[in-house]
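Participant: One structure follows; several queries about it will come next.
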């Protein structure tokens, strides 16, 4: 036995565990002093079962060392280490077995917040304030998931937001951040930070593919130094109420692991030092968003303005919510002992909580036709200073939960292993009552169209409820852009209804633009003149910063490409065969996955296209 390992054994008095883990004791000569210390952590946490089937030294020694390599990763990636994970697990599992209500003693009420209607004066005021603040922001994209649930084998951020231009989600997000950066820095005239950073939380499943997507596309115009990838580690699975770690059924030298949840983003930002770096650089806001909501950046500027003007430490972007709708509600909870918190309460918990606290009808709509509790969409804005201060106290950890599936009513055995989970929106649970936590409600059509359901699941959604599919997500982009242009004075025809992959959707004109053309409503209004109209069958793609529409009557397809230094005026009557939409059956394996999951493809029959690669002033008027 190596001297350093012998010294470690003597120091740790590991011989005391000879009877508890004899197979481990026989193998200790195989390990380094650091691995011996990890063994002590496991034994002190009553995890002796992990070593019951280990053979003599000389058999599978590399596998045994690999076991402790995994233990080292699990120990290092969790705030407080494995001992803390197991201790928390035992407490939460005991509460689960006892049926303890996490909201016992709390009374719900509607928190204070801001409700904005697109295009109204207060919306524009907050949007302009948010544009000014954007240069002091940092963005955090939670992108740890694959598209398997959608019927797509790639990473979700590689999916097209819409198929008119084929722009993928990651490109759209980066171009939106760059557009905010450009407009905000012009307003600041050189004051304060400039390049807006983007942190992307990845996982084992998505890390290399996200990096590859960025590198193959030159980071979609963003400086590589602006982008930081933070890889999320998985956590150990648990076999029973005593929090015994689950052995991988395929390898007795591995712990079974599962994802911990998107709440890990907080500990990663803290442990990486990024929050300190951002704060030192003069950044004030961290904006969190998820991977497949193509509308989000239409709502972010105004929501950021609300945070700045209202001085919110935490601001949840929300949408109107129907009572009992399967979306969490932003709720203020007041405890009889004086504690208060403003958090998301899941829809299946909100109704019983209301009934148990004197609201006999439970979760019901108010006079607006919606629930008074805004619908949480998991897009969050934190003030970095107070956020870092809080995470310094907790080591980056946030409140967790456990959701074991029991075999029977005795709650003594699990159907399968479980694990602790955490959600990023639960961060406010640890905040003191003095924390300023609020919300910003926006129109759903403007702010929320996630892509998360495959065609078969979406087709089963009850009539009138959102599909949240690739089909509805793309159509939502066209609807939002059409409604925005209507508000700016363009005559836009009403949509027609069509069915794709069993989903009935409104089909508006296929109108898209690059974020730099109009990241804020005020930008768009300045570029729209009088007497513009677009028919329902039309397609319009605006790819440039200084493109102005005036006296345009579009009935067909119009594509305008221009470098930033080219100013183009577009008008006149444009009439051609245009681009048509053709059904694609999701079972048709000859079609690409990204088309099958939305149920249609675009046939480009005829278009008017203007391309302007040189600086200058131009007119496109057929």
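Participant: What ranking of 478, 467 emerges when the number of other C-beta atoms within 10 Å of each C-beta is taken as an exposure proxy, fewest first? Walk me through the numbers on the way to the answer.
Facilitator: Details: 478 21, 467 26.
Sorted ascending by nearby Cβ count, the order is 478, 467.
Participant: Go through 174-180, 502-508 and give me the packing order, highest mean Cβ count within 10 Å leading.
Facilitator: Values: 174-180: 23.1, 502-508: 18.3.
Going by the mean number of other Cβ atoms within 10 Å, highest first, we get 174-180, 502-508.
Participant: Give me the distance in nm between label points sitting 7 Å out from Cα along the Cα-to-Cβ direction at residue 588 and residue 334, one decimal.
Facilitator: The modelled label-to-label distance comes out at 5.9 nm.
Participant: From the gyration tensor of the Cα coordinates in segment 455-620, what semi-axes in whole Å does the equivalent ellipsoid have, largest first, with each one equal to sqrt(5λ)? Walk me through the numbers on the way to the answer.
Facilitator: Working: eigenvalues 189, 57, 41 Å².
The answer is 31, 17, 14 Å, longest axis first.
Participant: Of (1) 30.9, 111; (2) 27.3, 90; (3) 23.4, 72, which is the value of Rg and Dmax of the Cα atoms in Å derived from the coordinates here?
Facilitator: (2)
Participant: OK, next. Need one word for segment 292-411: rounded, prolate or oblate. Basis is the Cα gyration tensor (sqrt eigenvalues a ≥ b ≥ c); a/c below 1.5 gives rounded, then a/b vs b/c decides. It would help to have the intermediate numbers written out before the result.
Facilitator: Numbers: a/c = 1.63, a/b = 1.20, b/c = 1.36.
Here segment 292-411 falls in the oblate category.
Participant: What FRET efficiency do you get for residue 73 and residue 218 if R0 is 41 Å and r is their Cβ-Cβ distance, rounded to the nearest 0.05? Intermediate values should be presented prior to the final figure.
Facilitator: Working: r = 32 Å, r/R0 = 0.79.
Taking R0 as 41 Å, the efficiency between residue 73 and residue 218 is 0.80.
Participant: Let me ask something else about it. With runs of 4+ DSSP H residues as the only contributors, calculate the mean residue ellipticity of the chain at 222 nm using -39,500 (n - 2.57) per run, divided by the residue total and rounded to the nearest 500. All intermediate terms of the calculation are to be shown ahead of the outcome.
Facilitator: Values: 18 runs with 193 residues, N = 622.
After summing the helix terms and dividing by the residues of the chain, the value is -9500 deg cm²/dmol.
Participant: How tilted is helix 121-133 with respect to the longest principal axis of the chain? Cα atoms for both, answer in degrees (0 to 90, nearest 10).
Facilitator: The angle comes out at about 60 degrees.
Participant: Set the Förster radius R0 to 51 Å, insert the Cβ-Cβ distance between residue 59 and residue 460 as r into 1/(1 + (r/R0)^6), and round the FRET efficiency to 0.05.
Facilitator: Working: r = 52 Å, r/R0 = 1.02.
Computed FRET efficiency for residue 59 and residue 460: 0.45.
Participant: Could you give the semi-axes, largest first, of the ellipsoid that matches segment 383-471, computed as the square roots of 5 times the alpha carbon gyration tensor eigenvalues and rounded to whole Å? Mind dumping the intermediate values first?
Facilitator: Details: eigenvalues 193, 154, 25 Å².
They are 31, 28, 11 Å, listed largest first.
Participant: Find how many whole Å separate the alpha carbon centroid of segment 122-151 from the alpha carbon centroid of segment 43-59.
Facilitator: So the separation of the two Cα centres works out to 48 Å.
Participant: So what's the angle, to the nearest 10 degrees on a 0 to 90 scale, between helix 33-44 and the longest Cα principal axis of the chain?
Facilitator: Tilt of helix 33-44: around 80 degrees.
Participant: Moving on to the next point. Can you compute the FRET efficiency between residue 536 and residue 146 using 1/(1 + (r/R0)^6), with r the Cβ-Cβ distance and R0 = 51 Å? Round to the nearest 0.05. Each step should come with its number before you reach the end.
Facilitator: Values: r = 36 Å, r/R0 = 0.70.
My answer for the efficiency is 0.90.
Participant: I would also like to ask the following. Would you list 418, 163 from fewest to most Cβ contacts within 10 Å? Don't jump to the answer; show the numbers that get you there.
Facilitator: Numbers: 418 24, 163 18.
Neighbour counts put them in this order, fewest first: 163, 418.
Participant: Calculate the length of the line joining the C-alpha centroid of segment 257-311 to that of segment 335-358, in whole Å.
Facilitator: 26 Å
Participant: For the chain, find the longest principal axis of its Cα atoms and tell me its angle to the long axis of helix 207-216, 0 to 90°, nearest 10.
Facilitator: Roughly 30 degrees between the two axes.
Participant: Could you tell me how far the Cα centroid of segment 449-525 sits from the Cα centroid of segment 566-622, in Å?
Facilitator: For segment 566-622 versus segment 449-525, the Cα centre distance is 16 Å.
Participant: What number, in nm² with one decimal, is the all-direction average of the projected area of the convex hull of the alpha-carbon atoms of segment 235-341?
Facilitator: 12.6 nm²
Participant: Next up: Averaged over all directions, how much area does the convex hull of the C-alpha atoms of segment 95-447 cover when projected, in nm²? Could you put the intermediate results ahead of the total?
Facilitator: On the way: hull surface 81.1 nm².
In nm², the orientation-averaged hull projection of segment 95-447 is 20.3.
Participant: Report the label-to-label distance for residue 208 and residue 322 in nanometres (one decimal), using points 7 Å from each Cα along the Cα→Cβ vector.
Facilitator: 4.4 nm
Participant: By how many nm would the segment from residue 26 to residue 91 lengthen if fully extended, with 0.36 nm per residue of separation less the alpha-carbon distance? Don't skip to the end; give the middle numbers.
Facilitator: On the way: separation 65, 0.36 × 65 = 23.40 nm, distance 3.27 nm.
This chain segment gains 20.1 nm when fully extended.
Participant: If neighbour count is taken as other Cβ atoms inside 10 Å, put 537, 135 in order from fewest to most. If you can, show how the numbers build up before the last one.
Facilitator: Details: 537 19, 135 24.
Ordered from fewest to most neighbouring Cβ atoms within 10 Å, 537, 135 come out as 537, 135.
Participant: Then there is this: With viscosity set to 1.002 mPa s and temperature to 20 °C, compute the Stokes-Einstein D of segment 551-622, Rh being the Kirkwood radius across alpha carbon pairs; µm²/s, no decimals. Before the final figure, lay out the partial values.
Facilitator: Details: Rh = 14.3 Å.
Value of D from the Cα-based Kirkwood radius: 150 µm²/s.
Participant: If you take the square roots of the eigenvalues of the alpha-carbon gyration tensor of segment 173-250 and sort them as a ≥ b ≥ c, do you get rounded (a/c under 1.5), prolate (a/b over b/c) or oblate? Provide the component values of the computation, followed by the final result.
Facilitator: Numbers: a/c = 5.05, a/b = 2.48, b/c = 2.04.
It is prolate, given that a/c is not under 1.5 and a/b is the larger ratio.
Participant: Given just the C-alpha atoms of segment 549-591, how large is their convex hull per residue in cubic angstrom?
Facilitator: Values: hull volume 5.2 nm³, N = 43.
Here the figure is 120 Å³ per residue.
All of the numbers you see were taken from the coordinates with simple rules; none came from a lab. Fair warning: this is a prediction, and the values are worked out from it, not measured in the lab. Cβ: placed from backbone, ideal geometry, glycine included. Neighbour counts: every protein chain shown.
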